[in-house]
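Participant: Before anything else, here's the structure in question.
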Amino acid sequence: MTIRLGGMFFGLALVGVLLLWSFLPDTLKYSTPEKSPYYAFHEDKLPPAGGFSFDGLGGKWDNQQLQRGYQVYKEVCRSCHSLKYVAFRNLEELGYSEAEVRAEAASWEVPGLDEYGEATLRPAEPTDYFPSPYPNEIAARASNNNALPPDLSLITKARPDGSNYVYSLMQGYVEPTEEDLAEAKELGGGVEWETPVGLYFNEHFYNANIAMPPQLYPDLITYADGTEATTEQMAQDVAAFLTWTAEPTLVLRKQTGWYVVAFLLFATFLGFLSYKEIWANKKPKKKG
Amino acid sequence: MTSTYDTLEDAGVRRRDWIHIAAISFAGVAAGTFVIPLVSQMRPSKDVLAASSTRVDISSLEEGQSLKAVFRGQPLFVKRMTPAEITEAKNDDSASMPDPQTLAERTDPANEAILITLGVCTHLGCVPLGAGVGENKGDFGGYFCPCHGSHYDVAGRIRKGPAPKNLEVPEFEIAGDIVQVG
Amino acid sequence: MSFAWANQYEPKSDFTKWIDEKLPLPRLIYNAVGAGYPVPRNLNYMWNFGFLAGLFLVIQIITGVVLAMHYAADTSVAFGSVEHIMRNVNYGWMLRYAHANGASFFFIVIYLHIFRGFYYSSYKAPREMIWLLGVVIFLLMMATAFMGYVLPWGQMSFWGAKVITGLFGAIPIIGEPLQVWLVGGYAPNGATLNRFFSLHFLLPFVILGVVILHIWALHIPGSSNPTGVEVKSESDTVPFHPYYVAKDGWFLGLVVAIYAGFVFFAPNALGHPDNYIEANPLSTPAEIVPEWYFLPFYAILRAFTGDLVIPLTGIVLVPAKLLGVIAMFGSILVWFFLPWLDKSPIRSGSYRPLFQKFFWVLVVTMGVLTFCGGAPAEQPYILISQIATAYYFLHFLVILPIVSQIEVPKPLPFSITEAVLGKDGEEPKPISAAPPPQSGGGDLPGGALQPAE
């Protein structure tokens, strides 16, 4: 009895505090939450036409695309972005032979020591991981207007809807529309939208001001397999490549999943029949 | 009140029981399959397997010279024998020794001057001397283990001392100037 | 164990006889989950979740021990060691996803198990001890899950740790030193990570011990059932084996199939992308969100925006942060008092129409709190959280005691057998050729046995 009374009293007190304070004049705001001006420019991420080859329950890698994407990384992105969780030997999964991988690795340089113990660069081996373009964060920021180019190994898992995000972002360097500018001005309390000097407008970046300058232009690189290097193509290929770097086992996971789930559902069905048989004489018959 | 099931054992396995046997079998297979990743994850991981072979460039290895490398965490001796050493090794092929082996059994016939052995004494695991310049090569001109006095000949075969076996020759392949071990 | 008609264990072979004399473990299992444990025959699927919770505990322990063979709890390598598991360790990706999603499924199952307890008043006498042990298990689970999420040392790991350990600083007088002691520093750091790894490894085995006590306590009165009417006679029960082994067995297949669906096809759906970014103490993520199973409590924590002051003076009695902490822990501690707050003699919500309505309002409230916990700390979510939190405490502390006094329950069935078979229900004929045993006079027509007085 005491517990109940005590509980009721405590409950009413707590509730009273809560409701009293929540209904005080300055905490009561029913208007829509204040948004920052950059919300005006928010665009949904778009997938490429037809989606990616690895999308959906039956997704598969398109090795040709991944190889093209690797070429984009190598010729465009590697100057600023590291790929530290990927080893050269992993490239064999893209369809390269062991010898090709060894040659590819040897065309990169990784830090090592010379015979005097001084720091130097040596050709990479397949067991090495992709080197970082900068020795440390301070150097990276110094070269990039105080922005840190993120490591790209996991980028498509580190952003919501990551594969489509990378695809959209790389093509998102557009001019803001008049309507969006007007809405941004309204949200910003009458202040004109301005992209600060040193940053670039991108309609898919979370606050629309990205430190990375536009990177992809038509025919920026010449694909080894002869595919036309449009901006859209390169964006798609590099997004696919980065999806692979983030999760090399993605396709294997989905393929294994089919077997596991199908087996389990069938086993469940058998189990259900077994259960029904065991309970047959315990369930009452329906009255006629 | 007895249930149907209590009379089961009296009746023996009935036709109706196949569903129970089937259901339990499938559950058993599921459980067994679940064990596979649990056991397999302890096998060497991909990075360990990738680092499990060693490549050595012998283009600058001169006659009579040895170099030391690392193979699976252990020392590796790669020696280019002089013609005199090759002859000596072949002559001793039939000599009495604790672990008889011919030179041909220990080298690649196309590169019989290249001797590749682990630098681990087969007695108790010390690293023998003889691969470096000026090191004691023992009574047979090969390797000498200072720990307990095992003497190996020019072909790495145990000739004197407590070691029971010749220096281990790992699996290797020579392509041009590159030796791939493991 | 507790019922007179329970089957008795009889060792069949010489070997089992020998074991039974020296260490009666097979007998224990027989009496606990075998043919020697009578269980009400009318349990519905809401009773499956206890077993499933045990299953997920075992899955977490097995996958966890195996992952611990490859994980390194040092801040410079922790994130990398998890990537090593994902990329290099054989089946590492599968084990990691199984463990991460296993935690989510453990909580899904436990919430269903707890809400079964709320609806059917499983916490009432004589089962109070089972309930109290259960709340202890839940608290241990929360601690374990929280520490486990810190281990990958991603952005959410670090900042979640920062926020939650920061709460301890709200405790008056001892708060600051307590927080520094807990963290081993002034912000989560290497020492924090190491101790969280050690404790995360330890606690599941503590949970296992409390689970054994929980099941032991259950076997004294035996399971409750959806009518809330206690077992009266043999016809009210069936032996656990094979009836509930079969029922638990097939349903577990279904749940594991759904679990596998998540592990293999949507392994990151219940997680947060920010945890794939390495922890950076100098950069706060746009929103710090705990895992979904903590969201209702997070909403309660953030609902308190005003300090408790003495009116007309400026004196702060209880700062808002501390109020939030008290309410958050209070929201679970209140469950400990349920057996004494709800004194209705009727157990099952099926026979308590007024209680039923409030129960569903509680369910909706938890849903609302979950949603608000994941929303940004802005209006209108703050106001909604406040109303929902108010209802939550009102429900347990005020509504339940009052409802249990004033409501008019529906008439209960006389017994479980009556509920299953109806008043003149006939037990279905057994499938075997043998006719039902002829019992002496005194049987009611229709085969239902005389109730035991």
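Participant: Largest first and to the nearest Å, give the Cα extent of the range C:289-414 along each principal axis.
Facilitator: Result for the range C:289-414: principal-axis Cα extents of 58, 34, 23 Å.
Participant: What residues of the range B:36-57 lose no less than 20 Å² of accessible area with every protein chain in place versus their chain by itself (probe 1.4 Å, heavy atoms only)?
Facilitator: Those residues are B:Pro37, B:Leu38, B:Ser40, B:Gln41, B:Met42, B:Ser45, B:Lys46, B:Asp47, B:Ala50, B:Arg55.
Participant: While we're on this one: Amide H to amide H under 5 Å from C:Val238: which residues, 5+ apart in sequence or cross-chain, H placed 1.01 Å off N in plane?
Facilitator: Under 5 Å from the amide H of C:Val238: C:Val39, C:Arg41.
Participant: Could you check how many percent of all C-alpha pairs in the range C:33-282 are farther apart than 28 Å?
Facilitator: Summing the P(r) tail past 28 Å for the range C:33-282 gives 42 percent.
Participant: Also: On average, how much accessible surface per residue is there in the range C:289-414, in Å², for a 1.4 Å probe, leaving out ligands, DNA and RNA?
Facilitator: 42 Å²
Participant: Modelling each spin label as a point 7 Å along the Cα-to-Cβ direction, I'd like the B:Ile21/C:Asn189 distance in nm, to one decimal.
Facilitator: 6.6 nm
Participant: Return, ordered by residue number, the residues of the range B:18-62 whose backbone nitrogen is under 20 Å from a label point located 7 Å along Cα→Cβ of A:Phe269.
Facilitator: Within reach of a label on A:Phe269, which here means backbone N under 20 Å from a point 7 Å along Cα→Cβ, the range B:18-62 contributes B:18-31.
Participant: Then there's this: What is the local net charge at C:Asn88, summed over the other residues whose Cβ is closer than 11 Å to its Cβ (Lys, Arg +1; Asp, Glu -1)?
Facilitator: +1
Participant: Also, quick follow-up: Using a Förster distance of 41 angstrom, determine the FRET efficiency expected from the C-beta separation of B:Arg55 and A:Val174, and round it to 0.05.
Facilitator: Rounded to the nearest 0.05, the efficiency is 0.25.
Participant: If you don't mind, another one. Looking only at Cβ-Cβ distances, which cysteines of the protein assembly as shown have no other cysteine closer than 4.7 Å?
Facilitator: Cys with no partner Cβ under 4.7 Å: A:Cys77, A:Cys80, C:Cys372.
Participant: Provide B:Asp57, A:Asp114, C:Asp20 ordered by accessible surface of protein heavy atoms (probe 1.4 Å), highest first.
Facilitator: Largest accessible area first, the list is B:Asp57, A:Asp114, C:Asp20.
Participant: Here's something else I'd like to know. Run the numbers on the range C:352-388: which residues show a drop of 20 Å² or more in accessible area, chain on its own versus all protein chains together, using a 1.4 Å probe over heavy atoms?
Facilitator: C:Glu378, C:Gln379, C:Pro380, C:Leu383, C:Gln386, C:Ile387
Participant: Still on this structure, please answer the following. Using Cα-Cα distances under 8 Å and only pairs 6 or more residues apart, what relative contact order does the range C:33-282 have, in percent?
Facilitator: 36 percent
Participant: Calculate the translational D of the range B:54-94 in whole µm² s⁻¹ from Stokes-Einstein, where the hydrodynamic radius comes from the Kirkwood formula applied to all Cα pairs, the temperature is 20 °C and the viscosity 1.002 mPa s.
Facilitator: It diffuses with D of about 185 µm²/s by this estimate.
Participant: Given the Cα-Cα distance of C:Ala4 and C:Phe371 and 0.36 nm per residue of separation, how much length would full extension add, in nm?
Facilitator: Once the chain is fully extended between C:Ala4 and C:Phe371, it gains 127.2 nm.
Participant: While we're looking at this one, here's another question. Counting only protein heavy atoms and rolling a 1.4 Å probe, how much accessible area do C and B lose on contact, total for both sides, in Å² to 100?
Facilitator: Heavy-atom accessible area buried at this interface is about 1800 Å².
Participant: In addition: Cross-link partners among lysines for C:Lys17, C-alpha distance below 23 Å, same-chain residues fewer than 8 apart left out?
Facilitator: Once the sequence-local lysines are set aside, nothing remains near C:Lys17.
Participant: Hey, rough spin-label estimate for C:Val318 and A:Thr195, points 7 angstrom out along Cα→Cβ, what's it come to in nanometres?
Facilitator: Computed distance between label sites C:Val318 and A:Thr195 equals 5.1 nm.
Participant: Here is a further query. For Cα pairs less than 8 Å apart in space and 6+ apart in sequence, what is the mean separation divided by the residue count of chain A, i.e. the relative contact order in percent?
Facilitator: This gives 24 percent for chain A.
Participant: Same structure again: Please list, in order along the range C:231-238, the HN-Hα scalar couplings obtained from phi with the Karplus expression 6.51 cos²θ - 1.76 cosθ + 1.60 (θ = phi - 60°), rounded to whole Hz, x for Gly and Pro.
Facilitator: 4, 10, 8, 4, 5, 7, 10, 9
Participant: Given contacts defined as C-alpha pairs under 8 Å and at least six residues apart, what's the relative contact order of chain B, whole-number percent?
Facilitator: 18 percent
Participant: Above 34 Å lies some portion of the pair distances; for chain C, what is it as a whole percent of all C-alpha pairs?
Facilitator: 44 percent
Participant: Using a 1.4 Å probe on the protein heavy atoms, what percent of the accessible area of the protein assembly as shown belongs to carbon and sulfur?
Facilitator: Answer for the protein assembly as shown is 64 percent, counting heavy atoms of protein chains only.
Participant: Given charges of +1 on the Cβ of Lys and Arg and -1 on the Cβ of Asp and Glu, with all other atoms neutral, how large is the dipole of the range C:197-294 about its Cα centre, in debye to the nearest 20?
Facilitator: 240 debye
Participant: With the solvent-accessible surface defined on protein heavy atoms using a 1.4 Å probe, which residues belonging to the range A:229-273 display a reduction of at least 50 Å² in accessible area in the multichain context relative to the isolated chain?
Facilitator: Buried on complex formation: A:Thr249, A:Arg253, A:Val261, A:Phe263, A:Leu264, A:Thr268, A:Leu270.
Participant: For B:Arg43 and B:Val29, calculate 0.36 nm times their separation in residues minus their Cα-Cα distance, and state this gained length in nm to one decimal.
Facilitator: Length gained between B:Arg43 and B:Val29: 2.8 nm.
Participant: Leaving out ligands and nucleic acids, and using a 1.4 Å probe, what accessible area per residue does the range C:3-50 come to in Å²?
Facilitator: It amounts to 59 Å² per residue over the range C:3-50.
Participant: Next up: What distance in nm separates the simple spin-label points at B:Cys147 and B:Glu171, each placed 7 Å from Cα in the Cβ direction?
Facilitator: 2.6 nm
Participant: Please list, in order along the range C:350-356, the HN-Hα scalar couplings obtained from phi with the Karplus expression 6.51 cos²θ - 1.76 cosθ + 1.60 (θ = phi - 60°), rounded to whole Hz, x for Gly and Pro.
Facilitator: For the range C:350-356, the Karplus-derived couplings read 5, 10, 10, x, 5, 4, 4 Hz, x marking Gly and Pro.
Participant: Take the Cβ-Cβ distance between B:Ala84 and A:Glu92 as r, set R0 to 35 Å, and report the resulting FRET efficiency rounded to the nearest 0.05.
Facilitator: 0.20
Participant: Any idea of the total accessible area buried by the C-A contact, 1.4 Å probe, rounded to 100 Å²?
Facilitator: Its buried surface, counting both partners, is about 5600 Å².
Participant: Here is a further query. Rounded to the nearest 0.05, what FRET efficiency is calculated for A:Arg122 and C:Val58 with R0 set to 41 Å and r the Cβ-Cβ distance?
Facilitator: Computed FRET efficiency for A:Arg122 and C:Val58 comes out at 0.25.
Participant: From the phi angles alone, apply the Karplus equation (6.51, -1.76, 1.60; θ = phi - 60°) to the range B:129-134 and give each ³J(HN,Hα) in whole Hz, x where the residue is Gly or Pro.
Facilitator: Couplings: 8, x, 7, x, 5, x Hz.
Participant: For a bin width of 10 Å, list the pair-distance distribution of the protein assembly as shown built from all Cα-Cα distances, rounded to whole %.
Facilitator: 2, 9, 15, 17, 17, 15, 12, 8, 4, 2, 0, 0
The values are calculated or read from the model by the stated rules, or taken from the named source; none is laboratory data. Note that the structure is a prediction, hence the values are computed from the model and not measured. Reconstructed Cβ throughout: ideal geometry from the backbone, glycine too, with neighbour counts over all protein chains shown. Quick note on the areas: whole protein, heavy atoms, side chains included, nothing else; ligands and nucleic acids left out. Shrake-Rupley method; radii C 1.70, N 1.55, O 1.52, S 1.80 Å.
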